[in-house]
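Colleague: Okay, here's the structure, questions in a sec.
Where a number appears in this text, it was derived from the coordinates with a stated rule and is not lab data. Fair warning: this is a prediction, and the values are worked out from it, not measured in the lab. Here the Cβ positions follow ideal geometry from the backbone for every residue, glycine too, while neighbour counts run over all protein chains shown.
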Amino acid sequence: MKRVIAVLAASTCLGSAAFGDDDRIVVGFATAETGFMQAYDKPAQDAAMIRIAEINEAGGLLGKQIEVVNADTKTDRAEGAKAGLSVIDAGADIVVVSCDYDFGAPAALTAESSGLISFFLCAESIKAGIQGVGPNSFSASVLAPVQGATMAQWAYEKKEARSFYRLLDTWTEYNKGICDGFDYMLPQLADATLVGEDTFLNEDASIAAQITRIKGLPEEPDAIMLCTMMPGAVSAIKQLRAAGINSMILNGSGVDGSYWLSAVPDLSNFYTPVQGSIYGDDPNAEVTAFNAKFKEATGGDPSTQYTYPGYVMIDVWAKAVERAGTTETAAVVAELEKMNAEPTLFGPRTFTSELHHQNQARYLIVETNAGKPGVVDEWTISAPIPVADLMK
C-alpha cells in the first residue's frame with residue numbers, strides 16, 4: 001500500500017500537459033500541507049489516497065487510472081485560491097479542498113467558477129456546499145449543528161444533564177455551527193435550562209473572565225457546551241479544569257484525538273461525537289480493519305476521526321462517476337444528488353438538490369476519563385435538522 005500511495009503522490013510532479021489525456025482521471029487536492037489545518041487535512045487526504053489506490057488496483061474508474069495533483073494552501077485563505085487554480089490548471093476533474101469552510105472556500109470557489117465539482121474533505125458548516133459556494137460543492141462529513149444537537153440530546157437523555165452553559169469560540173463557522181445545533185436542540189428538551197452563555201476567540205490566551213462568570217453561578221452547570229476547535233481548544237479546556245470546574249464538557253468532533261491530551265493530564269468527564277473510532281474500539285470491525293490499513297499505508301495510526309471523511313469522499317464521488325459514465329460535472333452532481341442513505345464504511349450519506357451535507361447521522365460518543373479516550377455509547381438525533389434551521 002505504501003508503494004501505491006507513493007506512486008500516486010509522485011504523479012503530482014508531472015506537468016499539466018500530462019493530464020490533457022482522456023485516459024486519465026485527475027483528482028486535485030488544494031489542501032493544507034503546512035500550517036495548523038494540516039492536522040485536519042492530512043489524515044483525511046491520506047484516507048482518500050487509500051481509496052484511490054483501492055480503485056486503481058481494481059482496474060480504475062471508468063477503466064482509467066486516477067491520477068493526483070496537489071497544491072499547498074499553507075492554511076492561508078489567499079493561498080487557498082491560488083492552490084485551487086493550480087490544480088485546475090493541472091487538469092483536475094474534481095477539486096478537493098480543506099476540512100474547514102473558512103479555509104477551504106477560496107479553493108472551492110475557484111472550482112465553482114470553473115464549472116468543476118469541489119468536495120470539502122471534512123468541513124461541517126452548511127456554507128461548505130450549495131449555500132456558501134454553489135451547486136457543484138459538497139462536503140464528505142456531517143454538519144457541525146448535528147454534533148451540537150447530538151451532544152445536547154445525548155447528555156440530556158443518557159447523562160441526565162439539565163443545566164447547560166454555552167461557551168462559543170466565535171473564530172470559525174464550524175464553531176458557530178456546533179452551538180447552532182445545541183441552540184436548536186435545547187428547547188426541545190423538557191426542563192433543560194440554559195444557565196448562562198459566553199464567547200471567546202480561539203487565539204485568546206486567557207478565558208479568565210468567562211470562567212469567573214461560570215464560577216459565579218449559584219451552582220456548577222451539569223454540562224458546558226464548548227463550541228471550539230484546535231489549536232485554542234486545548235487552552236480553554238485546560239483553563240476550565242485548572243479553575244476547578246468539573247462540569248461535563250461537551251464539544252464537537254474537532255477535538256477528537258489523543259495527540260493533545262498530554263497538555264491536560266488526567267482530563268475526565270469530557271465527551272465528543274465521532275463518525276468512527278481511532279481508539280481500536282469501534283463496534284464496526286470494518287472500521288478497525290481500515291485503521292490497520294491506514295497504519296500500513298502511512299506508518300501511523302489515524303490521529304482523528306477526520307481521517308474518515310476523506311475515504312468517504314472518494315468513495316461516493318467515484319460511485320457517482322461510474323453511474324454517470326463520465327466525470328462531467330452536471331452528470332456527476334445529478335448522481336450524487338440521487339444518493340439516499342448510500343452505504344459507506346463510515347455511515348450512510350444522503351445528498352439532495354437542497355443540501356450537499358448530512359443533517360442527521362449516527363455518532364459514536366467518546367468519553368475521555370483519566371486522560372484515556374474511548375467509545376462509551378452511540379446516538380442519532382431523533383430527526384434531521386431542517387435546512388431552514390441550519391440557515392439561521
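Colleague: Taking only the alpha-carbon positions of segment 255-392 and ignoring solvent, what does the Debye formula give for the base-10 log of I(q)/I(0) at q = 0.21 Å⁻¹?
Modeller: -1.26
Colleague: Hey, got the dipole for the chain? About the Cα centre, +1 on K and R Cβ, -1 on D and E Cβ, debye to the nearest 20?
Modeller: Here the chain has a charge dipole of around 340 debye.
Colleague: A further question follows. In nm, what is the difference between 0.36 nm times the number of residues separating E322 and S353 and their Cα-Cα distance?
Modeller: Values: separation 31, 0.36 × 31 = 11.16 nm, distance 1.97 nm.
Length gained between E322 and S353: 9.2 nm.
Colleague: May I pose another question? Considering the values [x] 147; [y] 120; [z] 188, which represents volume of the Cα convex hull per residue in Å³ as calculated for the structure under consideration?
Modeller: [y]
Colleague: Considering the Cα positions of segment 138-253, please state its Rg to one decimal place and its Dmax as a whole number of Å.
Modeller: 13.4, 45
Colleague: Are there any trypsin sites (Lys or Arg not before Pro) in segment 256-346 that are in a DSSP loop and have at most 15 other Cβ atoms within 10 Å? List them by number.
Modeller: K338
Colleague: Once both axes come from the Cα atoms, what is the angle between helix 232-242 and the longest principal axis of the chain, in degrees from 0 to 90, rounded to 10?
Modeller: Taking Cα atoms only, the helix is inclined about 20 degrees.
Colleague: Segment 30-67 to segment 138-184: how many Å between their Cα centroids?
Modeller: 29 Å
Colleague: At A383 and V234, where each label point lies 7 Å from the Cα along Cα→Cβ, what is the point-to-point distance in nanometres?
Modeller: 4.2 nm
Colleague: Under the Karplus relation 6.51 cos²θ - 1.76 cosθ + 1.60, θ = phi - 60°, what is the ordered set of whole-Hz ³J(HN,Hα) values for segment 317-330, x standing for Gly and Pro?
Modeller: Values per residue, Gly and Pro as x: 5, 5, 4, 5, 4, 4, 5, 6, x, 6, 9, 4, 4, 4 Hz.
Colleague: Along the charge dipole of the chain, pointing to its positive end and built from +1/-1 on Cβ of Lys, Arg, Asp and Glu, which listed residue (P218, Q360, V333) has its Cα farthest out?
Modeller: Checked the options; the winner is P218.
Colleague: Let me ask you something else. May I ask you to list the aspartates and glutamates whose Cα is less than 14 Å away from that of K64, ignoring any residue fewer than eight positions away on the same chain?
Modeller: Straight-distance partners of K64: D21, D22, D23, E54, D93, E322.
Colleague: Taking the DSSP beta bridges in the chain as the whole, what percent of them are antiparallel, to the nearest 5?
Modeller: 30 percent
Colleague: Using a Förster distance of 35 Å, how high is the FRET efficiency between A330 and A285, based on the Cβ-Cβ distance and rounded to 0.05? Could you put the intermediate results ahead of the total?
Modeller: Details: r = 38 Å, r/R0 = 1.10.
After rounding to 0.05, the efficiency reads 0.35.
Colleague: Test of understanding: what is the full-extension gain from A208 to A78, defined as 0.36 nm times their sequence separation minus their Cα-Cα distance?
Modeller: Residue separation times 0.36 nm, minus the Cα-Cα distance, leaves 43.4 nm.
Colleague: Additional query: Semi-axes, largest first, in whole Å: what does sqrt of 5 times each Cα gyration tensor eigenvalue give for segment 83-142?
Modeller: 17, 11, 9
Colleague: By how many degrees, between 0 and 90 and to the nearest 10, does the Cα long axis of helix 101-113 differ from the longest principal axis of the chain?
Modeller: Taking Cα atoms only, the helix is inclined about 30 degrees.
Colleague: Mind pulling the angle between the C-alpha long axis of helix 173-185 and the longest principal axis of the chain? Nearest 10 degrees, somewhere in 0 to 90.
Modeller: Taking Cα atoms only, the helix is inclined about 50 degrees.
Colleague: Here is a follow-up. Given labels modelled 7 Å from the Cα in the Cβ direction, how far is it in nm from E160 to E54?
Modeller: My value for the distance between the label points is 4.3 nm.
Colleague: Percent relative contact order of segment 27-98, based on C-alpha pairs within less than 8 angstrom and at least six residues apart?
Modeller: 52 percent
Colleague: Beyond a 28 Å Cα-Cα separation, which of these cross-linked pairs lie in this structure: K42/K127; K158/K319; K159/K238; K42/K158; K82/K127; K42/K82? Walk me through the numbers before you get to the answer.
Modeller: On the way: K42/K127 22 Å; K158/K319 37 Å; K159/K238 23 Å; K42/K158 34 Å; K82/K127 20 Å; K42/K82 19 Å.
Long pairs (Cα-Cα over 28 Å): K158/K319; K42/K158.
Colleague: Along segment 305-316, what does the Karplus equation 6.51 cos²θ - 1.76 cosθ + 1.60 (θ = phi - 60°) give for ³J(HN,Hα), rounded to whole Hz, x for Gly and Pro?
Modeller: Couplings: 5, 6, 4, 5, x, x, 5, 4, 4, 5, 4, 6 Hz.
Colleague: Quick one: 3J(HN,Hα) in Hz for segment 354-364, Karplus 6.51/-1.76/1.60 with θ = phi - 60°, rounded, Gly and Pro as x.
Modeller: 9, 8, 9, 8, 9, 9, 7, 6, 7, 10, 7
Colleague: Out of G216, G252, G181, any idea which swings most in a Gaussian network model of the chain, alpha carbons joined below 10 Å?
Modeller: Maximum among the listed residues: G216.
Colleague: Sort the following peptides by mean Cβ neighbour count (other Cβ atoms within 10 Å, averaged over residues), highest first: 93-102, 198-207, 125-134, 157-166. Write out the running numbers ahead of the final one.
Modeller: On the way: 93-102: 28.4, 198-207: 15.2, 125-134: 23.7, 157-166: 17.8.
Packing proxy ranking, top to bottom: 93-102, 125-134, 157-166, 198-207.
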